[in-house]
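The values are calculated or read from the model by the stated rules, or taken from the named source; none is laboratory data. Since the structure is predicted, the reported quantities are computational estimates derived from the model, not experimental observations. Reconstructed Cβ throughout: ideal geometry from the backbone, glycine too, with neighbour counts over all protein chains shown. Side chains are part of the model used for accessible areas, which takes the heavy atoms of the whole protein and leaves out ligands, DNA and RNA. Shrake-Rupley method; radii C 1.70, N 1.55, O 1.52, S 1.80 Å.
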Amino acid sequence: MKPILLQGHERSITQIKYNREGDLLFTVAKDPIVNVWYSINGERLGTYNGHTGAVWCVDADWDTRHVLTGSADNSCRLWDCETGKQLALVKTNSAVRTCGFDFGGNIIMFSTDKQMGYQCFVSFFDLRDPSQIESDEPYMKIPCNESKITSAVWGPLGEFIIAGHENGELNQFSAKSGEVLVNVKEHTKQINDIQTSRDMTMFITASKDNTAKLFDATTLEHQKSFRTERPVNSAALSPIFDHVVLGGGQEAMDVTTTSTRIGKFEARFFHLGVEEEFGRIKGHFGPINSVAFHPDGKSYSSGGEDGYVRIHYFDPQYFEFEFEV
């Protein structure tokens, strides 16, 4: 399982995301460049240029026509995927931390950070109404007073979003009314990442409290827990097996104090049913900040603090592997 190494960023990776078919991989980092790669061979298809600060999040809509990015330059931008042209620019008062298309690709949501005296907000724009973007007037804006949103995804059918907060809370916000439908607190520290299952019935959270947890997307009922010794930065669910991959490591500020050998920068594979770890894959020279499974489940990718993205194609043994309970 020799990984394909993607070198397109000068700073640490913040998020990686496959499109729905999985032929493209989008990567963003703490540099202003948004890259898109062919996932089959790691060839770089192109870049989306325009941001002037670290890019925190990226998403592609279901038919890969549009790409959405949110950045610390206080903007959320919409791009034409094929040409790389910037289609829309939404200015915000603070850094855009998370962003996403709903399942139809018509509505975008993004959340902004609480900084420089500004509140944390989630904004919803309907792309079918160009006046909303032009006048910077979202059809709905939800304030988050208690704790800022650190990760958010759309729920099934675009009826609500699931947001993870700095204090470990999970909230389900209605995309119609903006009210909190469900609130749970299973984590004790910040939620770094949320990813849904392929059919969107479940989602997995990755938290600074050294755990990843599986939840029901509709009820937010806690199903499973995966424990490690270090902060978990990202977690992804396999679309074909009951497998979870976790990426993590230390806090960025502690990285220089240990050698890479004891850094524990492996991607860790857990079995969903029995919550047991069954494999690790080494690779990055620093914490893993984002992991993602290919939609066909035959490969996965990881992006690290070292600025590299690695695409790993699984060996045949992986598909024959039976977990013995």
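Let me cross-check V274: its accessible surface, 1.4 Å probe, with only protein heavy atoms counted, in Å² to the nearest 10?
50
Not counting ligands, DNA or RNA, and with a 1.4 Å probe, what is S123's accessible surface area in Å² rounded to the nearest 10?
10
Given a Förster distance of 41 angstrom, what is the FRET efficiency for E134 paired with D242, based on the Cβ-Cβ distance and rounded to 0.05?
According to the calculation, E is roughly 0.35.
Roughly how many percent of the accessible protein surface of region 101-228 is carbon and sulfur, given a 1.4 Å probe and a whole-percent answer?
The computed percentage sits at 47.
Could you check the simple spin-label distance between R198 and E82, using points 7 Å along Cα→Cβ, in nm with one decimal?
The answer from the label model is 2.8 nm.
Distance from a point 7 Å along Cα→Cβ of L5 to each backbone N in region 29-61: keep the residues under 20 Å and list them by number.
In region 29-61, the label zone of L5 (backbone N under 20 Å from the point 7 Å along Cα→Cβ) covers 29-31, 35-45.
Calculated from DSSP H runs of 4 or more alone, at -39500 (n - 2.57) each and per residue, what is the 222 nm mean residue ellipticity of the chain, nearest 500?
The helix contribution divided over the chain gives -500 deg cm²/dmol.
Within a Cβ distance under 12 Å of G100, other residues only, what is the Lys/Arg minus Asp/Glu net charge?
Residues near G100 contribute -1 overall.
From zero outward in steps of 5 Å, how is the percent of C-alpha pairs of region 1-98 spread across the bins?
In whole percents, the pair-distance histogram is 3, 15, 27, 26, 18, 8, 3, 1, 0.
Which of K85/K189; K91/K213; K141/K298; K114/K208; K85/K141 have a Cα-Cα distance over 30 Å?
From K85/K189; K91/K213; K141/K298; K114/K208; K85/K141, over 30 Å: K85/K189; K91/K213; K141/K298.
With a probe of 1.4 Å, find how much accessible area the chain has per residue, and write the answer as a whole number in Å². Could you put the intermediate results ahead of the total?
Working: 14120 Å² over 325 residues.
Here the residues of the chain average 43 Å² of exposed surface.
Given R₀ = 22 Å, what would the calculated FRET efficiency be for D315 paired with E276, taking r from the Cβ atoms and rounding to 0.05?
Working: r = 20 Å, r/R0 = 0.93.
That gives a FRET efficiency of 0.60.
Can you pull the one-decimal nm distance between simple spin-label points at E229 and E43, each 7 Å off the Cα toward Cβ?
Placing both labels 7 Å along Cα→Cβ, they lie 4.3 nm apart.
Applying 1/(1 + (r/R0)^6) with R0 = 41 Å to the Cβ-Cβ distance of L89 and D296, what FRET efficiency is obtained, to the nearest 0.05?
0.75
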